[in-house]
Amino acid sequence: MGLNLRNKAWIFLGIICCSSLICSVKAMVTYDHKAVIINGQRRILLSGSIHYPRSTAEMWPDLIQKAKEGGLDVIQTYVFWNGHEPSPGQYYFEDRYDLVKFVKLVQQAGLYVHLRIGPYVCAEWNLGGFPVWLKYVPGMAFRTDNEPFKAAMQKFTEKIVGMMKEEKLFETQGGPIILSQIENEYGPIEWEIGAPGKAYTKWAAQMAEGLSTGVPWIMCKQDDAPDSIINTCNGYYCENFKPNSDNKPKMWTENWTGWFTEFGGAVPYRPAEDIAFSVARFIQNGGSFINYYMYHGGTNFDRTAGEFMATSYDYNAPLDEYGLPREPKYSHLTKLHKVIKLCEPALVSVDPTVTSLGDKQEAHVFKSKSSCSAFLSNYNASSAARVSFGGSTYDLPPWSVSILPNCKTEYYNTAKVQVSARSIHMKMVPTNTQLSWGSYSEEIPSPNYNGTFTKDGLVEQISITRDKTDYFWYLTDITIGADEKFLKTGEDPLLTIESAGHALSVFVNGQLAGTAYGSLEKPKLTFSQKIKLTAGVNKLALLSIAVGLPNVGLHYETRNTGVLGPVTLEGVNSGTWDMSKWKWSYKIGTKGEALSLHTVTGSSTVEWKEGSLVAKKQPLTWYKSTFDTTAGNEPLALDMNTMGKGQVWINGQNIGRHWPAYKARGKCERCSYAGTFNEKKCLSNCGEASQRWYHVPRSWLKPSANLIVVLEEWGGDPNGISLVRRTSKKIASESIFSG
Ligand code: GAL
């Protein structure tokens, strides 16, 4: 449905409006039990999530175009509060956060928008989208019936709705936004906390509706969504979902096309056949809106990733992290969308008649006066079935749905993939086989050193850094008196440190003694290691490193990061020392950050070691080099496999955290799509880096002399870093399995 048409319809309604006393444009987007109704027409809507800050503005037109060619009607996105309001009242809508531009590009492509304002978004995004400063507003309690929280949430929601209205972006104004969302999956939280949760849901719904956008609001996973707000389903399968009123359509806001990757986790994927099956089943059961979460996952650039989330947010989506179609997934779903559109007239006209065709086989038939479409399904995960329908026989592979847009001819079966798969390669860019690096060793600070402050006891990290940096130093002196005579047994003493997360490097007298780190499942960590101390004053420096803030749940106001203790030293003559209450000095960030070493101008403020003097496998080292861009438009990435953990900047742009040293745990078993997929993710990459390649957007590059700066926390060999091109090549069609 092209935009011109819709504009005309709106103008047409506008004329009616002006000549009528009961003037209302609200009728533009409504709904009934069957579907969302746009301009008086029930629609089967196919939607896909593309989160604007997870790609560059230069990538948006191509991503949107590919989504359109993939047969989508709608682009769904969250709105990322912490990207838009980095400090209270200071708004930012530029560059990757240019929401208006993104929405307008979708409009220009003739697609609709589903705007999930949240403003809690989860989304594997830092603090679920909440600005960190919100944590420190007095009296704050997140996502509950709390005045400071509600006031802030309302202010931001109003700000976004106001901007959209001003730019005339709601459908009622001739714009592309047909749906909005308030909160996100609050239902389960509400059940957990009871009365205040219920009050908050009611408030959120009323607040949203009070903003009069003219388009319906959605609350996903919210069984008690009040009034006219539509409750929707999220999950791998939603065929049995029922909205909470007979007047609301059956909508699926998140059909997970894969899953996110966490550092230390295997890389999940979901076969195309299984997604297609889930979609066909939802539609045959009366569903009328499906959104792929994600259609394009993209990249968690900078420090936007949630706790322990990898920088790649590829998600095994139909468009890969780099924006290339993932085959056969992209094309298999494109074909499905075309067939569904052929069925649309029947689907929106009548409810289906369901008949059994066998033990685990059914026919869902939508037959109206003028149209007939049928879905023949086989829910048996292990065996194929031959069924009779309308006087013909049909062969249904296991776990599949055949679609007959005219109730006769099978146009599509979800398990018959008739698309060539493509193999993806990361090829070294020839001109950049070996970069020439300079190195700068970060200083290990001491107590009372420049820029430190002192306190009794241990402090929580984010309350001090306000998340402006991942890095926070805890510094103290351990004085071993002559009478300690080193330690009772003559052995080295045992230092034990409990941290709320996420990673810790321990330096004793300027030398790295060891590291420890948590995981998404268990962010807390314990460092427990014997350390070498000498008589006299020993310098202890703990570098606590945050790896994103949690994005799931509630009570963000109570979440902690950093060394909260206890910190103990065992094995000294005078007994175990509890160092938790000692005087500690603190320092925010690294020296390199303070000098802006990652920027084009800042990088020349220090002397870099070169040639044979370049540090290798040394902790806390900055590296810099320059490289030329390769011609062409294939996406580019950095192969970081020889590095440990840290961050990378290209021409001053933070491309994200690297952590190839964190290998994927667990065992990856080959996963067949048929049935076994049920809620069990298919995994790859076990034993290898959770993430080896890091996307370098082309628009961040100049033709030559691009500055690359790496902060390496653990120690690595920069000579192994290379720029690679992502290429894809057609391979033989695989009809049984697609990863
Ligand atoms: C959902 C949530 C999304 C995202 C997804 C997992 O529960 O609504 O925002 O976090 O899980 O990728």
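From the list Leu554, Leu569, Leu533, exactly one residue is assigned to a loop (DSSP other than H, G, I, E, B), more than 24 Å from the chain's Cα centre (by Cα) and touching a residue at least 40 places away in the same chain (Cβ under 8 Å). Which is it?
Details: Leu554 fails: more than 24 Å from the chain's Cα centre (by Cα); Leu569 fails: assigned to a loop (DSSP other than H, G, I, E, B).
On inspection, the qualifying residue turns out to be Leu533.
Is there a residue being assigned to a loop (DSSP other than H, G, I, E, B), within 16 Å of the ligand (Cβ to nearest atom) and outside the structural domain of Cys686 (by the TED database) anywhere in segment 242-251?
The answer is no, given that none of the residues of segment 242-251 is assigned to a loop (DSSP other than H, G, I, E, B), within 16 Å of the ligand (Cβ to nearest atom) and outside the structural domain of Cys686 (by the TED database).
Anything in segment 61-71 that is touching a residue at least 60 places away in the same chain (Cβ under 8 Å) and either open to solvent by less than 10 Å² (accessible area, probe 1.4 Å) or under 30 Å from Lys135 (Cβ atoms) (or both)? List them, or say none.
Within segment 61-71, Leu63, Ala67, Gly70 qualify.
Please verify whether Thr431 is over 32 Å from the mean Cα position of the chain (by Cα), surrounded by fewer than 17 Cβ atoms within 10 Å (Cβ to Cβ), outside any strand (DSSP E or B) and at pLDDT below 95, treating the condition exactly as stated.
In short, yes.
Answer yes or no as to whether Lys663 is open to solvent by 80 Å² or more (accessible area, probe 1.4 Å) and either touching a Phe, Trp or Tyr at 6+ places or on another chain (Cβ under 8 Å) or more than 30 Å from Thr476 (Cα to Cα) (or both).
Numbers: open to solvent by 80 Å² or more (accessible area, probe 1.4 Å): yes; either touching a Phe, Trp or Tyr at 6+ places or on another chain (Cβ under 8 Å) or more than 30 Å from Thr476 (Cα to Cα) (or both): yes.
Answer is yes for this residue.
Can you tell me which residue within segment 183-215, out of those that are open to solvent by 20 Å² or more (accessible area, probe 1.4 Å), part of a loop (DSSP other than H, G, I, E, B) and free of Cβ contacts under 8 Å to residues at least 60 places away in the same chain, is nearest to Asp227 (Cα to Cα)?
My answer is Gly210.
Please enumerate the residues belonging to segment 127-164 that are open to solvent by less than 10 Å² (accessible area, probe 1.4 Å) and either more than 16 Å from the ligand (Cβ to nearest atom) or on the phi < 0 side of the Ramachandran plot (or both).
Phe130, Pro131, Leu134, Phe142, Phe149, Met153, Phe156, Thr157, Ile160, Val161, Met164
If a residue has to be at positive phi and at pLDDT 95 or above to count, how many in segment 434-479 make the cut?
So the count comes out to 3.
Suppose the filter is among the small types (Gly, Ala, Ser), under 21 Å from the mean Cα position of the chain (by Cα) and either open to solvent by 70 Å² or more (accessible area, probe 1.4 Å) or away from the ligand (no atom under 16 Å from the Cβ) (or both); does Ser519 pass it?
Against the criterion (among the small types (Gly, Ala, Ser), under 21 Å from the mean Cα position of the chain (by Cα) and either open to solvent by 70 Å² or more (accessible area, probe 1.4 Å) or away from the ligand (no atom under 16 Å from the Cβ) (or both)), Ser519 qualifies.
Given Asn234, Asn240, which one is farther than 17 Å from Val36 by Cβ, open to solvent by less than 50 Å² (accessible area, probe 1.4 Å) and of a type outside the set (Phe, Trp, Tyr)?
Within the list Asn234, Asn240, the selection yields Asn234.
For segment 538-558, give me the residue count where each residue is over 19 Å from Asp456 (Cα atoms) and out of contact with any helix residue (DSSP H, G or I) (no Cβ under 8 Å at 6 or more places or on another chain). Quick ask: steps written out before the conclusion?
Step one: of segment 538-558, the residues over 19 Å from Asp456 (Cα atoms) are 545-558.
If we keep only those that are out of contact with any helix residue (DSSP H, G or I) (no Cβ under 8 Å at 6 or more places or on another chain) too, we end up with 545, 547, 555, 558.
So the answer is 4.
Considering (1) more than 16 Å from the ligand (Cβ to nearest atom); (2) open to solvent by less than 50 Å² (accessible area, probe 1.4 Å); (3) under 20 Å from Phe142 (Cβ atoms), say which one Pro176 fails and leave the rest.
(3)
Conditions tested, residue by residue: (1) surrounded by fewer than 21 Cβ atoms within 10 Å (Cβ to Cβ); (2) touching a Ser or Thr at 6+ places or on another chain (Cβ under 8 Å).
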| site | (1), (2) |
| --- | --- |
| Tyr586 | no, yes |
| Ala594 | yes, no |
| Thr629 | yes, yes |
| Gly632 | yes, no |
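Condition first: surrounded by fewer than 19 Cβ atoms within 10 Å (Cβ to Cβ), farther than 28 Å from Leu711 by Cα and not polar (S, T, N, Q). Now tell me which residues in segment 522-553 satisfy that.
Once the filter is applied, which keeps residues that are surrounded by fewer than 19 Cβ atoms within 10 Å (Cβ to Cβ), farther than 28 Å from Leu711 by Cα and not polar (S, T, N, Q), segment 522-553 yields Ala535, Gly536, Val537, Val552, Gly553.
Is there a residue being more than 16 Å from the ligand (Cβ to nearest atom), buried (at least 18 other Cβ atoms within 10 Å of the Cβ) and free of Cβ contacts under 8 Å to residues at least 40 places away in the same chain anywhere in segment 165-172? Show your work before the answer.
Filtering segment 165-172 for residues more than 16 Å from the ligand (Cβ to nearest atom) gives 165-172.
Next, from what is left, pick out any that are buried (at least 18 other Cβ atoms within 10 Å of the Cβ): 165, 169-172.
Subset that is free of Cβ contacts under 8 Å to residues at least 40 places away in the same chain: none.
The answer is no, given that none of the residues of segment 165-172 is more than 16 Å from the ligand (Cβ to nearest atom), buried (at least 18 other Cβ atoms within 10 Å of the Cβ) and free of Cβ contacts under 8 Å to residues at least 40 places away in the same chain.
Ala123: touching a residue at least 40 places away in the same chain (Cβ under 8 Å), crowded, with 16+ Cβ neighbours inside 10 Å and more than 16 Å from the ligand (Cβ to nearest atom), yes or no? Let's see the steps before the verdict.
Values: touching a residue at least 40 places away in the same chain (Cβ under 8 Å): yes; crowded, with 16+ Cβ neighbours inside 10 Å: yes; more than 16 Å from the ligand (Cβ to nearest atom): no.
When the stated conditions are applied, Ala123 does not pass them.
Would you be able to tell me the number of residues in segment 502-516 that are open to solvent by 30 Å² or more (accessible area, probe 1.4 Å), more than 17 Å from Lys645 (Cβ to Cβ) and part of a strand (DSSP E or B)?
1
Taking the criterion of being polar (S, T, N, Q) and closer than 27 Å to Thr172 by Cβ, would at least one residue in segment 69-79 satisfy it? I'd like the intermediate steps shown before the answer.
Restricting attention to segment 69-79, the residues satisfying the condition of being polar (S, T, N, Q) are 76-77.
Add one more test, that the residue is closer than 27 Å to Thr172 by Cβ, and what stays is 76-77.
Within segment 69-79, one or more residues are polar (S, T, N, Q) and closer than 27 Å to Thr172 by Cβ.
With open to solvent by less than 20 Å² (accessible area, probe 1.4 Å), closer than 25 Å to Ile44 by Cα and in contact with a strand residue (DSSP E or B) (Cβ under 8 Å, 6 or more places away or on another chain) as the only criterion, which of Ala415, Ala385, Ala421 stands out?
Ala415
Mind listing just one residue for me: the one in segment 252-280 that is aliphatic (A, V, I, L, M) and more than 16 Å from the ligand (Cβ to nearest atom) and, of those, farthest from Asn291 (Cα to Cα)? Spell out how you get there, then give the answer.
Initially, segment 252-280 is screened for residues aliphatic (A, V, I, L, M), giving 266-267, 272, 275-276, 279-280.
Filter once more, so that each one left must be more than 16 Å from the ligand (Cβ to nearest atom): 272, 276, 279-280.
Numbers: Ala272: 15, Ala276: 12, Val279: 10, Ala280: 13 Å.
Residue satisfying both the conditions and the ranking: Ala272.
Run Asn316 past the list (1) open to solvent by less than 50 Å² (accessible area, probe 1.4 Å); (2) more than 16 Å from the ligand (Cβ to nearest atom) and report the number of the one that doesn't hold.
The failed condition is (2).
Condition check: open to solvent by 20 Å² or more (accessible area, probe 1.4 Å), in contact with a Ser or Thr (Cβ under 9 Å, 6 or more places away or on another chain) and not assigned by the TED database to the domain that holds Pro619. Does Asn378 satisfy that?
Details: open to solvent by 20 Å² or more (accessible area, probe 1.4 Å): no; in contact with a Ser or Thr (Cβ under 9 Å, 6 or more places away or on another chain): yes; not assigned by the TED database to the domain that holds Pro619: yes.
Against the criterion (open to solvent by 20 Å² or more (accessible area, probe 1.4 Å), in contact with a Ser or Thr (Cβ under 9 Å, 6 or more places away or on another chain) and not assigned by the TED database to the domain that holds Pro619), Asn378 does not qualify.
The values are calculated or read from the model by the stated rules, or taken from the named source; none is laboratory data. In this text the structure is predicted, and so the values were computed from the model without any measurement. A quick note on method: Cβ atoms are made from the backbone with ideal geometry, for glycine too, and the neighbour counts reach across all protein chains shown. The accessibility values were calculated without ligands, DNA or RNA, using every heavy atom of the protein model including side chains. Shrake-Rupley method; radii C 1.70, N 1.55, O 1.52, S 1.80 Å.
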